[in-house]
Amino acid sequence: DGLEDGHVLAIARAGARVADPQSDKSRDSAPSFQLPDERYGTLYIFRVFDAVAYGLVMDSARPIAPADIVQTP
């Protein structure tokens with residue numbers, strides 16, 4: 001997918017969907033909006049194969065979880 005040895009990637013968690021606190025409607029029917037993704041770490045790619053790549057978490061403010069986003073910074 002285009003990864004090479006030495007690439008540095010950002011690790012982020014998808015932002016939550018929140019109900020509008022200033023709405024007159026109840027929480028269930030109030031309009032909601034998406035918060036931005038929260039970047040919390042960096043990943044260094046050190047070995048790449050055809051179907052898998054190995055990376056080293058260089059910095060992280062929280063534990064890595066499944067479904068976290070990894071992308072170029």
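The values are calculated or read from the model by the stated rules, or taken from the named source; none is laboratory data. All values derive from a computational prediction rather than experimental measurement. Quick reminder, even Gly has a Cβ in these numbers, built from the backbone with ideal geometry, and neighbours come from all protein chains shown. Quick note on the areas: whole protein, heavy atoms, side chains included, nothing else; ligands and nucleic acids left out. Shrake-Rupley method; radii C 1.70, N 1.55, O 1.52, S 1.80 Å.
Quick rundown of the values:
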| quantity | calculated |
| --- | --- |
| PHE49 paired with ARG17, simple spin-label distance in nm, labels 7 Å along Cα-to-beta-carbon | 3.7 nm |
| Assigned charges on the beta-carbon of Lys, Arg, Asp, Glu; the chain dipole about Cα centre (debye) | 280 debye |
| Computed E for ASP5/LEU35 - FRET, C-beta separation, R0 30 angstrom, nearest 0.05 | 0.30 |
| Over the stretch 28-67 - Rg/Rh using Cα atoms and the Kirkwood inverse-distance radius | 1.21 |
| J(HN,Hα) series, the stretch 8-25, from Karplus relation 6.51 cos²θ - 1.76 cosθ + 1.60, nearest Hz, glycine and proline x | 10, 10, 8, 9, 9, 10, 4, x, 6, 9, 10, 6, 5, x, 9, 6, 7, 7 |
| Residue-normalised accessible area of the chain, given per residue in Å² at a 1.4 Å probe | 78 Å² |
| Carbon/sulfur fraction of accessible area - the chain, other protein chains in place, 1.4 Å, % | 52 percent |
| Kirkwood Rh, angstrom, the chain [1 / mean 1/r, Cα pairs] | 14.4 Å |
